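Structure record follows, encoded as structure tokens.
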């Protein structure tokens with residue numbers, strides 16, 4: 001500990017202040033994980049399959065055959081207006 | 001969903017995914033399912049699935065709008081301090097000092113005692129900062 005305080009890091013040598021802000025922020029918020037590079041996040045993105053209709057509606061596209069059994073009853077409790085099942 | 005302590009960790013305010021380096025297909029499917037549940041909750045109730053981190057939902061929405069364009073990265077997390085404060089006061093307290101740094105300041109200025117929340121944060125971050133430099137330096141624009 002403490003090496004960072006003895007090491008002078010000139011922010012001018014990095015790409016942009018905003019990049020660094022975002023970098024530190026994301027790690028703090030996500031407990032230091034590079035979440036967007038993780039398979040967990042990629043899997044979440046796959047499930048977060050939103051479809052934007054031309055009418056302005058947003059639908060969740062779900063492939064119900066792929067989901068584990070514990071979720072079947074949960075999905076049934078949501079209205080069809082927001083779910084497009086396949 | 002977040003009661004699964006093998007997959008979620010719980011901060012002071014919000015819950016976050018545990019990013020293990022390797023996951024099996026069953027766990028990956030579970031994450032996909034969680035992604036769908038988060039989206040359905042959002043669309044049905046018009047609110048995030050508390051206590052899942054709203055920053056995670058934000059990133060998922062960014063990913064959804066960028067689908068096919070490219071994966072999200074750190075720059076997509078470049079949101080205002082006020083927005084962070086609205087959602088997570090503790091994180092905003094740490095990051096406000098960082099955001100006050102001028103572009104020409106250096107992290108050496110964080111050596112002051114008593115340590116600030118930011119200097120403590122940076123000290124904990126020592127290893128990652130070195131990695132960040134390695135990653136970022138080749139892209140330096142002079």
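Look through A:54, A:86, A:38, A:77 and report the one residue that is surrounded by 13 or more Cβ atoms within 10 Å (Cβ to Cβ) and either at pLDDT 70 or above or on the phi < 0 side of the Ramachandran plot (or both). If you could, list the steps in order and put the result at the bottom.
Numbers: A:54 fails: surrounded by 13 or more Cβ atoms within 10 Å (Cβ to Cβ); A:86 fails: surrounded by 13 or more Cβ atoms within 10 Å (Cβ to Cβ); A:77 fails: surrounded by 13 or more Cβ atoms within 10 Å (Cβ to Cβ).
Just a single option satisfies the conditions, and that option is A:38.
Looking at the structure I just gave you, is residue B:53 under 17 Å from residue A:46 (Cα atoms) and at the interface with chain A (Cβ under 8 Å from one of its Cβ atoms)? Please lay out each step first, then the result.
Numbers: under 17 Å from residue A:46 (Cα atoms): no; at the interface with chain A (Cβ under 8 Å from one of its Cβ atoms): yes.
Against the criterion (under 17 Å from residue A:46 (Cα atoms) and at the interface with chain A (Cβ under 8 Å from one of its Cβ atoms)), residue B:53 does not qualify.
The values are calculated or read from the model by the stated rules, or taken from the named source; none is laboratory data. Fair warning: this is a prediction, and the values are worked out from it, not measured in the lab. Positions of Cβ are generated from backbone atoms using ideal geometry, with glycine treated the same way; all protein chains shown enter the neighbour counts.
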